[in-house]
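Q: Pasting a structure here, questions to come.
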Amino acid sequence: MGQTAATGVEVVGEAADVDQAVTVITATRPEVVLLDVHLPGGGGVEVLRRCAPLMGDTDRPVRFLALSVSDAAEDVIGVIRGGARGYVTKTITGTDLVDSVFRVQEGDAVFSPRLAGFVLDAFASTDAPPVDEDMDRLTQREREVLRLIARGYAYKEIAKQLYISVKTVESHVSAVLRKLQLSNRHELTRWATARRLV
């Protein structure tokens, strides 16, 4: 505890497990938390989850820098998704660690060199598809009908495949055309093909 003149870092609390960490962080509201990824009681990810409101505080945000012996991609990605601003391994020198703490305090993201690649890869290959407002306007059933139309199925075949009447297929098709502002099934097929829905 206390401040070391040499580093300018003041340690305001320590914790041995997740519950203790959440209690200490909530009570002291430090500017930066040096977070052990494998903290007993649920790990760093659990601390981040329970401290989420403190991270979102616009006046005095609490920022987290993860520290671990592990450089496994899933550990790194887990805490970064949880809201940590950086991740360094325990092989880091004392000087670099102090530097990292100050950088996180200023709002920078800090990673040990090898780990930055994991993070970039994880977020580049995220499975979340880009938002498609046109698609979002369609109901699940309208999307199914749209795909089958685009694949060249006749109304009767679609009705049979989806266990609905031909009349219902027609009304879904007209709803899709109206919502997407298209005028016929050829345009519909082109639209679906462009979005790789076929």
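Q: With the condition kept exactly as written, say whether any residue in region 32-50 is at negative phi and in contact with a Cys (Cβ under 9 Å, 6 or more places away or on another chain).
A: Looking for residues that are at negative phi and in contact with a Cys (Cβ under 9 Å, 6 or more places away or on another chain), one finds at least one in region 32-50, hence yes.
Q: Further question on the same structure: Taking residue 26, is it within 19 Å of residue 108 (Cβ to Cβ) and open to solvent by 50 Å² or more (accessible area, probe 1.4 Å)?
A: no
Q: So which residues in region 92-133 are part of a helix (DSSP H, G or I), open to solvent by 70 Å² or more (accessible area, probe 1.4 Å) and modelled with pLDDT under 80, if there are any at all?
A: 113, 114, 120, 121, 123, 124, 133
Q: Would you check which residues across region 55-68 are closer than 14 Å to residue 97 by Cα and out of contact with any Cys (no Cβ under 9 Å at 6 or more places or on another chain) and list them?
A: 65, 66, 67, 68
Q: Out of (1) of a type in the set (D, E, K, R); (2) out of contact with any helix residue (DSSP H, G or I) (no Cβ under 9 Å at 6 or more places or on another chain); (3) crowded, with 20+ Cβ neighbours inside 10 Å, the odd one out for residue 85 is which?
A: Among (1) of a type in the set (D, E, K, R); (2) out of contact with any helix residue (DSSP H, G or I) (no Cβ under 9 Å at 6 or more places or on another chain); (3) crowded, with 20+ Cβ neighbours inside 10 Å, residue 85 violates only (2).
Q: Here is a follow-up. Taking residue 154 as meeting all but one of (1) more than 30 Å from residue 71 (Cα to Cα); (2) among the aliphatic types (A, V, I, L, M); (3) open to solvent by less than 70 Å² (accessible area, probe 1.4 Å); (4) at pLDDT below 80, write down the number of the exception.
A: Unmet condition: (4).
Q: Which condition number does residue 136 fail, the rest of (1) out of contact with any Leu (no Cβ under 8 Å at 6 or more places or on another chain); (2) at pLDDT below 90; (3) closer than 20 Å to residue 35 by Cβ being met?
A: For residue 136, the failing item is (3).
The values are calculated or read from the model by the stated rules, or taken from the named source; none is laboratory data. Keep in mind it's a predicted model, so treat the numbers as computed, not measured. Positions of Cβ are backbone-derived with ideal geometry, glycine not excepted, and every protein chain shown enters the neighbour counts. Each accessible area value is taken on the protein alone, full model and side chains, heavy atoms only, with ligands, DNA and RNA left out. Shrake-Rupley method; radii C 1.70, N 1.55, O 1.52, S 1.80 Å.
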